[in-house]
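The values are calculated or read from the model by the stated rules, or taken from the named source; none is laboratory data. Note that the structure is a prediction, hence the values are computed from the model and not measured. In this analysis, Cβ positions are derived from the backbone assuming ideal geometry, glycine residues included, and neighbour counts consider all displayed protein chains. With ligands, DNA and RNA removed, areas are computed over all heavy atoms of the protein, side chains included. Shrake-Rupley method; radii C 1.70, N 1.55, O 1.52, S 1.80 Å.
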Amino acid sequence: QVQLVESGGGLVQAGGSLRLSCAASGRTFSTYTVGWFRQAPGKEREFVTAITGSGSRTYYADSVKGRFTISRDNAKNTVYLQMNSLKPEDTAVYYCAGGNSPLPGIPKAYNYWGQGTQVTVSS
């Protein structure tokens, strides 16, 4: 069993930066791919980025490439999402998720989810 807790959300002006953290419990954390998803009001949950257990591979949605960076520190059981050049359309609740599926962009591929953290980008 893995429990995930997100933190680091908040209110930021357009062009600003935030770093989200996803802290995990469980000794098998390093074996899990961790993904970040986001959901804006009235919209479906969408894939943002993911990183494999070893950190050797990362995946990004086209909308965030070049602006967001995912990383992980398995010694700290934590995954980070550095978000730069934020835009109002990045406003959403951001969720981290853990799983072993080879389909990192699919929400159903993940077994464990955090409670989410709100990111609001003002124009």
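Can Val121 be described as open to solvent by less than 30 Å² (accessible area, probe 1.4 Å), in contact with a helix residue (DSSP H, G or I) (Cβ under 6 Å, 6 or more places away or on another chain), of a type in the set (Val, Ile, Thr) and closer than 17 Å to Gly16 by Cβ? Steps first, please.
Details: open to solvent by less than 30 Å² (accessible area, probe 1.4 Å): yes; in contact with a helix residue (DSSP H, G or I) (Cβ under 6 Å, 6 or more places away or on another chain): yes; of a type in the set (Val, Ile, Thr): yes; closer than 17 Å to Gly16 by Cβ: yes.
Considered against the rule, which asks whether it is open to solvent by less than 30 Å² (accessible area, probe 1.4 Å), in contact with a helix residue (DSSP H, G or I) (Cβ under 6 Å, 6 or more places away or on another chain), of a type in the set (Val, Ile, Thr) and closer than 17 Å to Gly16 by Cβ, Val121 comes out as yes.
Answer yes or no: is there a residue in the stretch 66-73 that is at pLDDT 95 or above, touching a helix residue (DSSP H, G or I) at 6+ places or on another chain (Cβ under 9 Å) and closer than 24 Å to Gly26 by Cβ.
Checked the stretch 66-73: at least one residue is at pLDDT 95 or above, touching a helix residue (DSSP H, G or I) at 6+ places or on another chain (Cβ under 9 Å) and closer than 24 Å to Gly26 by Cβ.
In the stretch 94-108, which residue that is more than 13 Å from Thr49 (Cβ to Cβ) and either hydroxyl-bearing (Ser, Thr, Tyr) or free of Cβ contacts under 8 Å to residues at least 60 places away in the same chain (or both) is least open to solvent (accessible area, probe 1.4 Å)?
Restricting to residues being more than 13 Å from Thr49 (Cβ to Cβ) and either hydroxyl-bearing (Ser, Thr, Tyr) or free of Cβ contacts under 8 Å to residues at least 60 places away in the same chain (or both), the top hit is Ser101.
For Val121, are the conditions met, namely being touching a residue at least 40 places away in the same chain (Cβ under 8 Å) and under 14 Å from the mean Cα position of the chain (by Cα)? Spell out how you get there, then give the answer.
Values: touching a residue at least 40 places away in the same chain (Cβ under 8 Å): yes; under 14 Å from the mean Cα position of the chain (by Cα): no.
Criteria not met by Val121.
I'd like to verify a number: residues in the stretch 1-19 that are within 22 Å of Pro102 (Cβ to Cβ) and open to solvent by 20 Å² or more (accessible area, probe 1.4 Å), how many?
Residues flagged as within 22 Å of Pro102 (Cβ to Cβ) and open to solvent by 20 Å² or more (accessible area, probe 1.4 Å) within the stretch 1-19 amount to 1.
Look at Ser56 and say whether it is of a type in the set (Ser, Thr, Tyr), without any contact (Cβ under 8 Å) to a residue 24 or more places away in the chain and under 16 Å from Glu6 (Cβ atoms). Working first, answer last.
On the way: of a type in the set (Ser, Thr, Tyr): yes; without any contact (Cβ under 8 Å) to a residue 24 or more places away in the chain: yes; under 16 Å from Glu6 (Cβ atoms): no.
No.
Among the residues of the stretch 50-71, how many are on the phi < 0 side of the Ramachandran plot and either open to solvent by 40 Å² or more (accessible area, probe 1.4 Å) or touching a Leu at 6+ places or on another chain (Cβ under 7 Å) (or both)?
Going through the stretch 50-71, the residues on the phi < 0 side of the Ramachandran plot turn out to be 50-54, 56-65, 67-71.
Filter once more, keeping what is either open to solvent by 40 Å² or more (accessible area, probe 1.4 Å) or touching a Leu at 6+ places or on another chain (Cβ under 7 Å) (or both): 54, 56-60, 62-63, 65, 68-71.
So the answer is 13.
Would it be correct to say that Tyr110 is in contact with a Gly (Cβ under 6 Å, 6 or more places away or on another chain) and either modelled with pLDDT under 95 or not acidic (Asp, Glu) (or both)?
yes
For the stretch 20-58, which residues satisfy the criterion of being farther than 13 Å from Cys96 by Cβ and charged (D, E, K, R)?
Arg27, Lys43, Glu44, Glu46, Arg57
Being modelled with pLDDT under 95 and of a type in the set (Gly, Ala, Ser): is that true of Gly15 here?
no
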